[in-house]
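Remarks on the structure that follows.
The values are calculated or read from the model by the stated rules, or taken from the named source; none is laboratory data. Since we're looking at a predicted model, the values are computed, not measured. So basically every Cβ, Gly included, is an ideal-geometry build from the backbone, and we count neighbours across all protein chains shown. What goes into the accessible areas is simple: the full protein's heavy atoms, side chains included, and nothing from ligands, DNA or RNA. Shrake-Rupley method; radii C 1.70, N 1.55, O 1.52, S 1.80 Å.
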Amino acid sequence: MGKSRGSGGTPATVMLERAGVAFTPHTYEHDPAAESFGLEAAQALGVDPEQVFKTLLVSVDSGLGVGIVPVDRQLDLKAIASALGAKRAVMADPRVAERTTGYVVGGISPLGQKKALPTVLDATASAFATVFVSGGKRGFDLELSPEDLVRLTRGTLAAISR
């Protein structure tokens, strides 16, 4: 655990290694035709979709924020706006998301982003010992404890999915 042998390393794995956080890298063959990156990951890894989380960027009054929700659910924009102390939230433009995080859509990791953004992890994550999030590229996920994920993103836990 904790070594990114064979993964080539990403800003996310570098961040985890520097922090000394236990994690397990998982690679799988990404199908460019897949309609849902997250559901593809859950299926390829043989994991319940409730335990695999997608990283979504939202635009709020104060700028951008990050919502991390299970791949089989949707981000509740009212709930994340409230969790971020904003009046309303809309999905961020994918190009802005890529430029701000340094990752490509479908491979945006909540860890190791170019700019630290206010982050909210869906409260359902606390039901699991570990969760899976993107490792920073399509076909690459990281498994780590939800507590470490919240700590490293300086995030909060809130009910933000529906």
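Kindly list the number of the only condition in (1) touching a helix residue (DSSP H, G or I) at 6+ places or on another chain (Cβ under 8 Å); (2) among the aliphatic types (A, V, I, L, M); (3) modelled with pLDDT of 95 or more that fails for Ile80.
Result: Ile80 fails condition (1) only.
What single numbered condition from (1) outside any loop (DSSP other than H, G, I, E, B); (2) closer than 26 Å to Ala159 by Cβ; (3) open to solvent by less than 40 Å² (accessible area, probe 1.4 Å) fails to hold for Pro110?
If we test Pro110 against (1) outside any loop (DSSP other than H, G, I, E, B); (2) closer than 26 Å to Ala159 by Cβ; (3) open to solvent by less than 40 Å² (accessible area, probe 1.4 Å), just (1) comes out false.
Collect the residues in the stretch 132-152 that are open to solvent by 20 Å² or more (accessible area, probe 1.4 Å), closer than 15 Å to Ile108 by Cβ and assigned to a loop (DSSP other than H, G, I, E, B), keeping them in residue-number order.
Passing the criteria: only Arg138.
For the stretch 153-162, how many residues are open to solvent by 50 Å² or more (accessible area, probe 1.4 Å) and among the hydroxyl-bearing types (Ser, Thr, Tyr)?
1
Among Ala129, Ala125, which is surrounded by fewer than 19 Cβ atoms within 10 Å (Cβ to Cβ), at pLDDT 95 or above, closer than 21 Å to Ala22 by Cα and out of contact with any Lys or Arg (no Cβ under 6 Å at 6 or more places or on another chain)?
The match here is Ala129.
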